[in-house]
Amino acid sequence: MITKCLFPAAGYGTRFLPATKAMPKEMLPILTKPLIQYGVEEAAEAGCSIMATITGRGKRAITDHFDISYELEHQIKDTSKEDMLKEIRKLIATCTFTYTRQNEMKGLGDAIYKGKSLVGESDPFAVILADDLCVNTKGDGVLTQMVKLYKKYKCSIVAIMEVPKKDVHKYGVISGREIEKNIFMVDDMVEKPDNDKAPSNLAIIGRYILTPDIFDIIKDTKPGKNGEIQITDALLTLAKKGMVIGYKYEGKRFDCGSVDGYVEATNYFYNLSK
Ligand code: G1P
């Protein structure tokens, strides 16, 4: 039912300079795999086959990564290295990759709006922010859990986690009524509130399922926090009609948009691989 996943990936990744001067932050590797590939694998596991990326200038490496490299294939043919391309080859063979550019950095809401031409307006779709790396070693990936939830509730869903009060200003924050264990009917959401003004400590992480009516709402959403068009503000319009669910997912999430989270993820995956 949900076959398309949007990957907003136009940001500059300034926290990783100089590494991200000429390389997209989404291509930073955790061990040997770029961040965006973890996201695409999570989306594929959830049943998506159309991977739609919002890119920007200087992001061509992403497009090349999800394409065949004939020279490289030729070089490593019949060597043990071929194995290292197994996962990416499978993705290339089974998914369609589409791209459009966000020409100006006008916020996550605007980036998602740019994705309208890629995902269309007739079906719900998923959104993955690749620098939020999610892993669940005990069962379904986070997006798969959300797709299952969508089948029951048929409305927009945001993944949430509890964060310490002192960190709420880094996130979109929701408040709501717990209608089932770990499932909240959202009644308020605020983008990066001051720590003492946040409606709760339930923070949105980079996994969304959005119904296509969001596009018309984004169009009418005024710039909010930091002068950017925020998806959190657009979703609030839906939440007021009782049409957004917050889901406390099972699994771990690493904030790979920060150096600390990136190192933590690297150590975690290294230990997992031993
Ligand atoms: C974005 C969203 C924010 C969300 C966060 C999760 O912010 O705007 O609501 O909590 O992703 O990572 P960013 O981290 O891109 O500033």
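The values are calculated or read from the model by the stated rules, or taken from the named source; none is laboratory data. Because the structure is predicted, anything quoted here is derived from the model rather than measured. Note that each Cβ is placed from the backbone with ideal geometry, even for glycine, and that neighbours are counted across all protein chains shown.
May I ask you to verify whether residue 96 is under 15 Å from the mean Cα position of the chain (by Cα) and among the hydroxyl-bearing types (Ser, Thr, Tyr)? Spelling it out, it is not the case that residue 96 is under 15 Å from the mean Cα position of the chain (by Cα) and among the hydroxyl-bearing types (Ser, Thr, Tyr).
Of the residues that make up the range 29-48, is at least one in contact (Cβ under 8 Å) with a residue 40 or more places away in the chain, in a strand (DSSP E or B), among the polar types (S, T, N, Q) and surrounded by 21 or more Cβ atoms within 10 Å (Cβ to Cβ)?
Checking the range 29-48: not a single residue is in contact (Cβ under 8 Å) with a residue 40 or more places away in the chain, in a strand (DSSP E or B), among the polar types (S, T, N, Q) and surrounded by 21 or more Cβ atoms within 10 Å (Cβ to Cβ).
Given the condition more than 15 Å from residue 249 (Cβ to Cβ) and away from the ligand (no atom under 13 Å from the Cβ), answer yes or no: does some residue in the range 137-148 qualify? Within the range 137-148 (the criterion being more than 15 Å from residue 249 (Cβ to Cβ) and away from the ligand (no atom under 13 Å from the Cβ)), the answer is no, since none of the residues qualifies.
Meeting the requirement of 3 or more residues that are over 20 Å from the mean Cα position of the chain (by Cα), at pLDDT 95 or above and more than 30 Å from residue 29 (Cα to Cα), the strands (runs of 3 or more DSSP E) wholly within the range 99-208 are 172-180, 183-191. Kindly indicate whether residue 237 is in a loop (DSSP other than H, G, I, E, B) and in contact with a helix residue (DSSP H, G or I) (Cβ under 6 Å, 6 or more places away or on another chain). When the stated conditions are applied, residue 237 does not pass them. Here the range 204-247 is the region considered, the condition is being basic (Lys, Arg) and surrounded by fewer than 24 Cβ atoms within 10 Å (Cβ to Cβ), and the residue that is nearest to the ligand (Cβ to nearest atom) is 225. Please state which one of 109, 120 is within 26 Å of residue 238 (Cα to Cα) and exposed (fewer than 15 other Cβ atoms within 10 Å of the Cβ). Result of the check over 109, 120: 120.
Here residue 69 fits the description: surrounded by fewer than 15 Cβ atoms within 10 Å (Cβ to Cβ), polar (S, T, N, Q) and farther than 22 Å from residue 135 by Cβ. For the structure I just gave you, tell me whether residue 254 is in contact (Cβ under 8 Å) with a residue 24 or more places away in the chain, in a helix (DSSP H, G or I) and buried (at least 17 other Cβ atoms within 10 Å of the Cβ). Considered against the rule, which asks whether it is in contact (Cβ under 8 Å) with a residue 24 or more places away in the chain, in a helix (DSSP H, G or I) and buried (at least 17 other Cβ atoms within 10 Å of the Cβ), residue 254 comes out as no.
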